[in-house]
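Comments concern the structure below.
The values are calculated or read from the model by the stated rules, or taken from the named source; none is laboratory data. The structure presented is a predicted model; accordingly, all values stated were derived computationally and were not measured. Cβ atoms come from the backbone with ideal geometry, glycine included; neighbour counts cover every protein chain shown. Surface areas here come from the heavy atoms of the whole protein model, side chains and all, with no ligands, DNA or RNA. Shrake-Rupley method; radii C 1.70, N 1.55, O 1.52, S 1.80 Å.
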Amino acid sequence: MTYLYITSECNNDCEYCCSKSLRGKNQFLSFDEIELFLDWLDSDIEEKHIFITGGEPTLHPDLKKILRRCSFFTNTTLMTNLLCSKELIKELLDVNYITWNISTNPKKELEKTFLDNLNYLLSEKDLIKKNKITIGLSLTLYESQENNTKNIGKILGLLEKYREIITYVEPRLAMPIPDGDEYKIINYTEEISYLVSNINERFPNIFINFGECAITNCQIAPALYGKLLENPMVTNLNFGCHYNTSSIAILPDKSHLPCPHFDLKFKTNEYKNFPKGNIAKYWNLNRMEKYKTSEKFTCNCNNLICKEAGFCTAIRANLLNRK
């Protein structure tokens, strides 16, 4: 997987965003920088799933060119809050084979703009079908259960109206919240159970796609987690971490990957030290070998969350099963 953080800027600026530290720097990856990197990536690496993210990608002046270049790869996902002009949406729909992962968590004052834009996008169903575009909706569950319930209701309403266009829903669990020297874990079991059961019953063809993040998925009760693993419409649920795959992130300031909890960092410009993509891939995977024991595979806040003497038992079981 490759994450292209093409800009540090965002017009929504969610307080729970893991990329929040990038804000205010007014930085953009240039198209030339992106093309150089993609040429290198295209050399021989097998897995070519590109995530276009930020900040908010629609703020980048060359987004359409970037998407056209990325559309040659196996999978390209545009992660967007859709808070842009309808003219830009129409332009971007001209690019084939793109997955649109649309965040449905706008600020209250931007709710109308978001819904207007989303309804406009989803009304272009002929163009979506013609250009083989995939539409997914994501929602981030945060500490307010009232807001979570409202946002889940909004998702279900959109599925009712556009079930033939939307392919998947992606529930995201906000990172544990720092509270002084401690981290506050939230129990999202009730909301996840409600969301999944409603989609399964009312929209049986819609997939529920989770993110591979141990620090967020641990906020679901183990009993529900086990049921989700057996659910054929639930994909990508894992108690591992995307660092266990060949993952490269490119940021505008060439800084570290912005995960605030995990202690393994990968500098975004280190790929330049490798002549070919697969050499970097296997170097990255080999680095992970030292984390294949429970004592070393730890996050910065794990002992504050679960009090499990320095490691998460669920992660340990997952890793031991891989050996």
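Go through LYS25/LYS112; LYS86/LYS276; LYS25/LYS132; LYS48/LYS112; LYS107/LYS272; LYS48/LYS150 and tell me which ones have a Cα-Cα distance over 32 Å in this structure.
Violating the 32 Å limit, Cα to Cα: LYS86/LYS276; LYS25/LYS132; LYS48/LYS112; LYS107/LYS272; LYS48/LYS150.
Loop only by DSSP, 11 or fewer other Cβ within 10 Å of the Cβ. Give me the trypsin sites (Lys or Arg not before Pro) in the range 118-210 that pass, ordered by residue number.
In loop regions of the range 118-210 (DSSP not H, G, I, E or B), the sparsely surrounded trypsin sites (Lys or Arg not before Pro) are LYS132.
Compute the orientation-averaged projected area for the range 48-106 from the convex hull of its Cα atoms and round it to one decimal in nm².
Result: 3.8 nm².
All other residues with a Cβ under 12 Å from the Cβ of ARG23 taken together, and with Lys, Arg as +1 and Asp, Glu as -1, what is their net charge?
Every neighbour counted, the sum reads -3.
Please report the carbon-and-sulfur percent of the accessible area for the range 1-110; probe 1.4 Å, protein heavy atoms only, DNA, RNA and ligands left out.
49
Near the amide H of ASN11, under 5 Å away, which other amide H atoms are found, from residues 5 or more places off or on another chain, if H is placed in the peptide plane?
GLU56
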